[in-house]
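The values are calculated or read from the model by the stated rules, or taken from the named source; none is laboratory data. What you see is a predicted model; the values in this text were computed from it and never measured. With ideal geometry, Cβ positions are generated from the backbone for all residues, glycine too; neighbour counts draw on all protein chains shown. These accessible areas exclude ligands, DNA and RNA; they are computed on the full protein's heavy atoms, side chains included. Shrake-Rupley method; radii C 1.70, N 1.55, O 1.52, S 1.80 Å.
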Amino acid sequence: HVHTEYSLLDGINRIETLPEYIKNLGQRSLAITDHGNVSGSYKFFKACNKVGVQPIIGMEAYYTINDRSVRELDDLDAPYYHLILIALNNEGLHNLYKLSSLAYTEGMYRKPRLDDALLAEFSSGICATTACLGSRISQLILRDRIKDAEKMLHHHKALFNDRFLVELQLHEMEEQQKVNKVLIDIALKENLPLIVSNDCHYTHELDKE
């Protein structure tokens, strides 16, 4: 769950220097999941290979429960939600390219959005996660609509089969702790795989300001 300079106005991790920094930390792989696009993927792939770090190419997509052509807010007064998509193989990478392009050309409303129809058509070779507090599942949990959150999770699991992961982020925010607790309960009850991530927008602590 890493944002680079290709997450415009939102990420300052530098593609050309981050892989080497990661390698010096002793890590063997690195992901890129920029907002709504995979524009930095080729540059990222080259930079990772140069220093011997495995590149994991993904995207933090903007997802709508409405038809992507509908330009209006949904039942939570939201135009879109976050959904992490990660390419597992070459087919998945090409499907990510297609999803990003179609989101811009067919789903643009404030942000380039994907809908269920696009995900159903181009989900092969891609795994998805529940993402951050910006996901619909998280937003439903924060509104105490736990049953609806479970339904949404089942809906995405049906789209991605065993390629749908429950993502936990160990941030100290009260909202995140609330979401994590419910997600863990659901994952244990449904026997769903859990992953732990960090919503990473910058490299060094001094970058924060």
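If you go through region 1-57 and keep only what is of a type in the set (D, E, K, R) and open to solvent by 20 Å² or more (accessible area, probe 1.4 Å), you end up with Glu5, Asp10, Arg14, Glu16, Glu20, Lys23, Arg28, Lys43, Lys46, Lys50. Scanning region 47-68 for residues that are farther than 24 Å from Asp199 by Cβ, without any contact (Cβ under 8 Å) to a residue 40 or more places away in the chain and in contact with a strand residue (DSSP E or B) (Cβ under 9 Å, 6 or more places away or on another chain) yields a single hit, Asn49.
For region 105-153, a residue qualifies if it is over 22 Å from Arg163 (Cβ atoms), open to solvent by 20 Å² or more (accessible area, probe 1.4 Å) and not in a loop (DSSP other than H, G, I, E, B), and the qualifying residues are Thr105, Glu106, Met108, Tyr109, Lys111, Gln139, Leu142, Ile146, Lys147, Asp148. Under the condition of being open to solvent by less than 60 Å² (accessible area, probe 1.4 Å) and either acidic (Asp, Glu) or in contact with a strand residue (DSSP E or B) (Cβ under 7 Å, 6 or more places away or on another chain) (or both), the residues counted in region 83-104 number 12. Could you list, in sequence order, all residues of region 154-209 that are open to solvent by 80 Å² or more (accessible area, probe 1.4 Å) and either among the small types (Gly, Ala, Ser) or assigned to a strand (DSSP E or B) (or both)? Within region 154-209, just Val196 meets the criteria.
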